[in-house]
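The values are calculated or read from the model by the stated rules, or taken from the named source; none is laboratory data. Everything numeric in this text was worked out from a predicted model, so none of it was measured. Here the Cβ positions follow ideal geometry from the backbone for every residue, glycine too, while neighbour counts run over all protein chains shown. Heavy atoms of the whole protein, side chains included, go into the accessibility calculation; ligands, DNA and RNA do not. Shrake-Rupley method; radii C 1.70, N 1.55, O 1.52, S 1.80 Å.
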Amino acid sequence: MDHEKLPEIKSKLGQALALIKEGVDESLPLLGDGPGKEITAMWEDFLREFLAYIKQKSRETRRNLFASISFHRIWPK
């Protein structure tokens, strides 16, 4: 493995997480208002596309990212 890539990957994931947190912070106050259904639909679309992309890339590369992740370890107790 190219270990020089690890800091770059960590940085990109950190940036993505920061943007997702901003989206959550902006979405939650609107859930009880008129656009609540649209907010929910946007999050469903985002998650569907994100998970589908991981599945597609896993098929293309024959490296299953989902199989490598322990959801038991990352899910809050």
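Look through region 12-51, keep the residues that are within 10 Å of the chain's Cα centre (by Cα) and aromatic (F, W, Y), and return whichever of them is nearest to A67 (Cα to Cα).
So the residue we want is F50.
Residues that are open to solvent by less than 80 Å² (accessible area, probe 1.4 Å) and touching a Phe, Trp or Tyr at 6+ places or on another chain (Cβ under 9 Å): list the helices (runs of 4 or more DSSP H) wholly contained in the chain that include at least 2 such residues.
It comes to 5-27, 36-61.
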